[in-house]
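Each remark here refers to the structure printed beneath this line.
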Amino acid sequence: MPAASAAVIPPAPMSSIHAVIRAQPSPEIHPAIRAVCDDLRTRFGDAIEAVLYYGSCLRQGDPTDGVIDLYVIVSDYRAAWPTWGRRLIARFLPPTVGYLETPWDEGCIRTKYAVISQRDFRRGTSGRWFHSYLWARFSQPCVLLETRDDEVSAALTDSLATAVVTLLDRSVPLAPSRIDAVALWSLALGASYRAELRPESSGRAESLVADNAAYYAELTRAYADGAGRRWLSAVEASGDYVVSMPPWRHRRGRMAWFFRRLAGKFLSTFRWFKAAVTFEGGIDYAVWKLERHTGVKIEVTEKLRKRPWLYAWGEIIRLYRSGTLR
């Protein structure tokens, strides 16, 4: 694939970010996750280019507590789904979310997986996507569980590095004149969370950054030395950075995030409806996640289960007004 081979040699300003991503220590992968990958191979076969592991189970190291989050990168949607209807749905607002329960010991491993083509993943982690849905997610730590070959691995590493640059390029305008790496990443991820309908608490971004503070510090240093050197310069021995940017860029950056927040509320709602249509148990999964993160009990009526696209609007509006969704 030309796009993948072109990514093997990264541009010089991003080479240090690639190095930081590649130098991440590889956590021990639980055998249950390998079993999940086998299940996904059964579903999608040779269409799979790679599988990425991210999210709370990766951070906590226990796939048996909660739902595993995986991204399944496929060569194209035609190879992944045999019917034109599923391919059409997959092309609308990617990725397409699925839910999988894999038997393990005396119970099962629950997995939420998102299917996206390598082309859409590359576009979504770059500045070509206005919304932060993909480039904010994959600027955070993740693990490449398996990949077709070294070429695909290099292409995905390039996409992950691009996600870091995109997030920081678009978040530095929000920063004050002097800031440290932890505060900058907390600001950036917090802005991306507010651009979606999410049940997490307002301090979620800060806790995520604190869990991987050394990694984010290295990424910030690499960014300031390369792609971000126009706007961000390190203050020797202090760990702080000085933001040097004309006022109009600050204003334009803040305005862009304002529109991302507006667009994100609608996009999140449409993604929920798409998920409810594309995988069995979609409403039950959405309710489970909301209750897990917020403690708010949500009643799933029979009409909501049968026609979520029609009856979920009132519940979403109620949760948004109450502050459960932000």
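A few remarks follow.
- Positive-end extreme of charge dipole, region 2-253 - chosen from A35, V172, P63 (charges on Cβ): V172
- Panel order for W81, W104, by other beta carbons found within 10 Å of each beta carbon, from fewest to most: W104, W81.
- Hull-based mean projected area of region 5-112, where the convex hull spans the alpha carbons, in square nanometres: 8.8 nm²
- Counted residue by residue at 0.36 nm each, then reduced by the alpha carbon distance between them, the extension gain from A210 to E28 reaches 63.4 nm.
- A full extension of the chain between F259 and V242 corresponds to an added length of 3.5 nm, given 0.36 nm per residue minus the alpha carbon distance.
- Residues whose amide H lies under 5 Å from that of V74, counting only those 5 or more places away or on a different chain, are E49, I116, S117, Q118; hydrogens are built 1.01 Å from N in the peptide plane.
- Global geometry of region 76-145, whether rounded, prolate or oblate, following the gyration tensor of its Cα atoms and the 1.5 cut on a/c: oblate
- Placing dummy labels 7 Å off each Cα toward the beta-carbon, the span from D150 to R86 is 3.4 nm.
- DSSP bridge analysis restricted to region 17-152 gives an antiparallel fraction near 70%, rounded to the nearest 5.
Every number in this text was worked out from the coordinates using simple rules, so none of it is lab data. Given the structure is predicted, the values throughout are model-derived calculations rather than measurements. Note that we place each Cβ from the backbone using ideal geometry, even for glycine, and neighbour counts take in every protein chain shown.
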